[in-house]
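Below is one structure; the comments refer to it alone.
The values are calculated or read from the model by the stated rules, or taken from the named source; none is laboratory data. Since the model is a prediction, treat every value here as computed from it, not as a measurement. Counting neighbours? That spans all protein chains shown, and the Cβs are built from the backbone with ideal geometry, glycine included. Only protein heavy atoms, including side chains, enter the accessible area calculation; ligands, DNA and RNA are left aside. Shrake-Rupley method; radii C 1.70, N 1.55, O 1.52, S 1.80 Å.
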Amino acid sequence: MIIYGKDYHFALTVGAAKEISDLCPGGDLDRVGELLTGSFGNAIQATAEIICALSRGYERKMCFETPGHDYAPLTEEMLLSLDTGTFTALESEALAAFSRDSATTVAVEPEKKSAEPETILS
């Protein structure tokens, strides 16, 4: 999404997940939804922190994937200067990335056993 002339993206990397889980009650990432409830001020603050963590995650990832990438994540100051419509659209995009990336799984095949036992020569 383009904010102040720059296209921003989001990724739930291990680092971003750690940052977000530190915000959650009991440090439990599964309780992230609880951050978005309560008073308007608290929900906006938590949302801004989540968006920033996901932006930093994407930017850090890109620094390794694309040599010479200029690390430039969204900041809380930038987010809190947005109009409500833009903030809400950005929130939707960031939370979609959170959902997409948290659903990612890695398929692992079981180790194949050889039919014959190994022989150790001495």
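General remarks:
- With respect to being free of Cβ contacts under 8 Å to residues at least 12 places away in the same chain, assigned to a helix (DSSP H, G or I) and within 18 Å of M1 (Cβ to Cβ), G41 falls outside the description.
- Within the range 70-88, residues that are on the phi < 0 side of the Ramachandran plot and hydrophobic (A, V, I, L, M, F, W, C) have Cβ atoms under 6 Å from residues that are at pLDDT 95 or above and assigned to a loop (DSSP other than H, G, I, E, B) in these pairs: L74/Y8, counting only partners at least 6 apart in sequence or on another chain.
- Any pair with Cβ under 8 angstrom, 6 or more apart, that starts in the range 1-26 at a residue that is open to solvent by 20 Å² or more (accessible area, probe 1.4 Å) and in a strand (DSSP E or B) and ends at one that is of a type outside the set (K, R) and modelled with pLDDT of 95 or more: I2/Y8; K6/A72
- Flag if C63 is outside any loop (DSSP other than H, G, I, E, B), at pLDDT 95 or above, farther than 14 Å from E19 by Cβ and open to solvent by less than 60 Å² (accessible area, probe 1.4 Å): yes
- Count of residues meeting criterion [in contact with a Cys (Cβ under 6 Å, 6 or more places away or on another chain) and farther than 18 Å from L23 by Cβ] in the range 66-87: 2
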